[in-house]
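Worksheet: the structure to be examined is printed underneath.
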């Protein structure tokens, strides 16, 4: 029956659309469930009513897609943890008073300069049973101990909102955590945590303990800190310990994807397992037994590697591939990919907003679509050259899929990506195979020193290679402005060119030209939007940064050395397609659209002028009589940036409150904009 072969690709698109729709309006779970059940009944009714008629596929298809849209809304709604009545959000104090919090450690995150960070599950708030994830920040000091996964602690602290970025167009950690269903954070010290007895261990806890055992065994050999961190990332899925400079080297070389256990790693492991377990095919029901063993081993590896989003989606996808390969069931690769997406989004709808999820599937779809077109262009007779050519075609094809997303999120393009991947893709199989052997032998205390040294040498050479690639700065194109509309246009353009290659119809040429015109129109529109003048007082702790935007130029005034390379103005300039001019020293007076800003620095001296002062910016903690200044100048508002002492800011705020004049603190209200 053709009707039952309705494409899973279209159903998956409907599910994705429903998840996206759920972000714009909220439906109660009960109502969403009723609508979903009704849509299933209608779809079944449509099938039985029209099953013998010529237009059955159209009506059933439309009804099925609509059901998947509603299903997307439903699964997204039930995964919004704040809607649960037992969520700790409903029991927190409105005025952020300290409360007694009982929590369980769920995951260790990469620490920042000030804190060790963890995902935790809040079990109780003031003796009231609750649930819900939160971010825990433990202040760093010489006595800070690493908390163990599954351990339960009690502490008394406030439940704080996660702050939005204080400067325009900065990366929003708040939005990132929102997609992880984390909306609040706690701050504490190691000395303020009290460990409770806990006899139960979760899957994550056992996996974390096993990884600790592996690291303990490997430390008995001559692996350096950098080599151990790469082993943990490549094989165990833990990137927390990688040095920032080394991480940046992999990023700038276009090889950051190998540091996150994902489709490439799981695919290689699947090939290794298929080869090792091939003898099972000779016994009765061998293919079935081999498939079961492969699935068990793949998912065991996924659990040990931390069950991150990238690992789970890769293991799901290759589990479906493994079933098809070993049970000799042929299936369309697009349907296989769509099925894995459908399953993953049913389990966790927020995956759709995960950058890794987007990049992974964009790369795989591009490889299976474009690589078969590129590979036949050249057919080297030498086996080694043929292998290198195939690797290059896979790498180039993947780039077609990920470039638009990469430009949007990271605003850079490593043009030597082909060289990085030409080396790493063939070598990665050797590294993973050798790495799994090293770990297995180390666990049973049978690892020969020379094998450990060989593995150490391979990792060291790989690090050295990517550090060399990253130093070729002339091949790294940075600060590329790219918006969502351009991402959509880019993918549509790739699709129309792909269709023209196979169909050779004039309409695809017309569509491609229309998209190119749309791309140009978007560029012209963005340029026109940039016209005009604005003054930005950015927030930067201990420093003052003022940005004067005139059309497409951004003039910076600051006491921060090399301010033009600082992430705050640089990110803002890239997002808005602005050119940063050579920085200048901070001047006492700024005029913008007939509005005047007076800057008073640590000297506390300001000129007596006849100009009408609209705004006063206090920087570097000036010792002034603010009452006198307000009475003499009568500004519209007072602004204090991040360069001031907190005690001074508190005193100024009190003064402004008494004088009934607006007071803006960039550390609280964010960057101040005058336009």
Per the filter on region 238-258, residues more than 22 Å from residue 113 (Cα to Cα) and part of a loop (DSSP other than H, G, I, E, B) are 253, 254, 255
For region 369-384, the count of residues that are in a helix (DSSP H, G or I) and either closer than 28 Å to residue 496 by Cβ or at pLDDT 85 or above (or both) equals 9
Given the criteria surrounded by fewer than 19 Cβ atoms within 10 Å (Cβ to Cβ), out of contact with any strand residue (DSSP E or B) (no Cβ under 7 Å at 6 or more places or on another chain) and assigned to a loop (DSSP other than H, G, I, E, B), does residue 390 qualify?
no
Restricting attention to region 634-655, which residues are touching a strand residue (DSSP E or B) at 6+ places or on another chain (Cβ under 7 Å) and either without any contact (Cβ under 8 Å) to a residue 40 or more places away in the chain or in a helix (DSSP H, G or I) (or both)?
635, 636, 637, 638, 640, 644, 649, 652, 653
Condition broken by residue 673, with the remaining ones in (1) within 41 Å of the chain's Cα centre (by Cα); (2) not in a strand (DSSP E or B) satisfied
(2)
Residues 665, 587: which one is touching a strand residue (DSSP E or B) at 6+ places or on another chain (Cβ under 7 Å) and within 30 Å of residue 481 (Cβ to Cβ)?
587
Complete set of residues in region 521-539 that are at pLDDT 90 or above, within 29 Å of the chain's Cα centre (by Cα) and over 19 Å from residue 582 (Cα atoms):
539
Looking for whichever is within 25 Å of the chain's Cα centre (by Cα), without any contact (Cβ under 8 Å) to a residue 40 or more places away in the chain and either assigned to a strand (DSSP E or B) or surrounded by 13 or more Cβ atoms within 10 Å (Cβ to Cβ) (or both) here; the options are 122, 138. Which one fits?
122
Looking at (1) closer than 16 Å to residue 183 by Cα; (2) surrounded by fewer than 18 Cβ atoms within 10 Å (Cβ to Cβ), can you tell me which one residue 106 breaks?
(2)
Tell me, please, whether a residue that is out of contact with any helix residue (DSSP H, G or I) (no Cβ under 8 Å at 6 or more places or on another chain) and either at negative phi or exposed (fewer than 15 other Cβ atoms within 10 Å of the Cβ) (or both) can be found in region 72-83.
yes
Among the residues of region 596-616, is there at least one that is under 28 Å from residue 527 (Cα atoms), more than 32 Å from the chain's Cα centre (by Cα), in contact (Cβ under 8 Å) with a residue 12 or more places away in the chain and crowded, with 17+ Cβ neighbours inside 10 Å?
yes
Could you pull out the residue among 314, 302, 322, 338 that is part of a helix (DSSP H, G or I) and either touching a residue at least 60 places away in the same chain (Cβ under 8 Å) or in the same structural domain as residue 500 (by TED's automatic domain parsing) (or both)?
338
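The values are calculated or read from the model by the stated rules, or taken from the named source; none is laboratory data. Keep in mind it's a predicted model, so treat the numbers as computed, not measured. Cβ coordinates were reconstructed from backbone atoms using ideal geometry, including for glycine residues, and neighbour counts include every protein chain displayed.
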